[in-house]
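**Student:** Got a structure for you, written out below as structure tokens; questions coming shortly.
The values are calculated or read from the model by the stated rules, or taken from the named source; none is laboratory data. Nothing here was measured: the structure is a model prediction, and the numbers come from that model. Neighbour counts are summed over all protein chains in view; Cβ atoms, including those assigned to glycine, are modelled from backbone coordinates with ideal geometry.
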Amino acid sequence: MAKKITLYAMLAAICLVCGYIESLLSLSFIAPGIKLGLSNSIALLLVAKGDFKGAFSVNITRILLSSLLFSTPFSLVFSLSGGIISLICVCLLYKTGKFSIIGISIAGGVIHNIVQLTVAYFLLGNAVLYYLPFLIISGGVSGAVIGFIARLVSSKTDKFLNI
Amino acid sequence: MKKGDIFIIAAVILAVVLSVIFGIGLLGEKGNTVIIKENNEVVYEGSITADKTITLSHNTVVIKKGEVYVRNADCKNQICVNHKPISKKGEVITCLPNKVLAEIR
């Protein structure tokens, strides 16, 4: 148990570093709020290893800590809603066994962005729907990148990362 | 890649096409009215041709020569300040941390 908690804590720390690295290379010139979402590759890695509980704990810890450290309580609503709902979908898709980790990640990225835009819709009104096509495309592309990273890390860490 | 992935990619492409078709009515056309909202309440509504500087509690929005942009914001990310000026129907500039939205209709 202690070993697991330590592992999750370390993974959550990696997530925070990923978030920091990402803030250095801003993609928001394409459309506001577009990000690669590197830290999601950690949650995806845990999903790929079949550890759904771990994926949720690491992701929620990461979201709470990063909004506490780097942003406002208001953006917490966005991150939490997108993060949790997309992770639920990712786990369900993984359980069907019909999709590869990259395909699952693409779906997760798109769902993440659609959920966040839905939250923005309720908070700001229908004008934000203008961004929908951009957000779907960027979610799909970054999802593919994240899925690729997760698959790579998963295969490289097979020997010593046993969950 | 597995077979099921094709469905995911097809669904994503379909979603993009639908959202573009749905949104196409909003794109392209020059707008007439500028609406500025703060905390989901309309704080300014006026013609896009009338040059004006609107000071909100955390942001300054400028309407000039038929274009709208945000000059100042006290938030950290400055996304709205870096956003290019808007002038077409349906375009928006949002400042999520301060719940500000500038929209053209």
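**Student:** Listed residues A:F122, A:F148; which is surrounded by fewer than 21 Cβ atoms within 10 Å (Cβ to Cβ), over 25 Å from A:I5 (Cβ atoms) and at pLDDT below 90?
**Tutor:** A:F122
**Student:** Checking B:T33 against (1) in contact with an Asp or Glu (Cβ under 7 Å, 6 or more places away or on another chain); (2) more than 9 Å from chain A (Cβ to nearest Cβ); (3) surrounded by 20 or more Cβ atoms within 10 Å (Cβ to Cβ); (4) not basic (K, R), only one condition comes out false. Which one?
**Tutor:** (3)
**Student:** Continuing with the same structure: Just the residues that are hydrophobic (A, V, I, L, M, F, W, C) and surrounded by fewer than 24 Cβ atoms within 10 Å (Cβ to Cβ), please, taken from region A:43-52.
**Tutor:** A:A48, A:F52
**Student:** Just to verify a result, which residue in region A:103-129, among those that are more than 19 Å from A:V77 (Cα to Cα) and out of contact with any strand residue (DSSP E or B) (no Cβ under 6 Å at 6 or more places or on another chain), is nearest to the other protein chains (Cβ to nearest Cβ)?
**Tutor:** A:G103
**Student:** Within region B:84-105, count every residue that is under 27 Å from A:L68 (Cβ atoms) and not charged (D, E, K, R).
**Tutor:** Of the residues in region B:84-105, 7 are under 27 Å from A:L68 (Cβ atoms) and not charged (D, E, K, R).
**Student:** What number goes with the only condition from (1) over 29 Å from A:F70 (Cβ atoms); (2) more than 12 Å from chain A (Cβ to nearest Cβ) that B:T60 does not pass?
**Tutor:** It is condition (1) that B:T60 fails.
**Student:** Identify, please: which residue in region A:50-102 is part of a loop (DSSP other than H, G, I, E, B) and within 22 Å of A:A9 (Cα to Cα) and is, among those, farthest from the other protein chains (Cβ to nearest Cβ)?
**Tutor:** Across region A:50-102, the extreme among qualifying residues is A:D51.
**Student:** If you don't mind, another one. May I ask you to list the residues in region A:21-42 that are without any contact (Cβ under 8 Å) to a residue 24 or more places away in the chain and either over 30 Å from B:E91 (Cα atoms) or surrounded by 16 or more Cβ atoms within 10 Å (Cβ to Cβ) (or both)?
**Tutor:** Initial filter on region A:21-42 (without any contact (Cβ under 8 Å) to a residue 24 or more places away in the chain): A:21-22, A:24-26, A:28-29.
If the condition is that a residue be without any contact (Cβ under 8 Å) to a residue 24 or more places away in the chain and either over 30 Å from B:E91 (Cα atoms) or surrounded by 16 or more Cβ atoms within 10 Å (Cβ to Cβ) (or both), then A:I21 is the only one that fits.
**Student:** Taking strands (runs of 3 or more DSSP E) that fall entirely within region B:2-105, which contain at least 2 residues that are more than 30 Å from A:R151 (Cα to Cα) and charged (D, E, K, R)?
**Tutor:** Because the criterion is at least 2 residues that are more than 30 Å from A:R151 (Cα to Cα) and charged (D, E, K, R), the strands (runs of 3 or more DSSP E) in region B:2-105 that meet it are B:33-38, B:41-47, B:67-73.
**Student:** Based on what the data block shows, is A:S138 more than 10 Å from every other protein chain (Cβ to nearest Cβ) and modelled with pLDDT of 90 or more?
**Tutor:** On the way: more than 10 Å from every other protein chain (Cβ to nearest Cβ): yes; modelled with pLDDT of 90 or more: yes.
Criteria met by A:S138.
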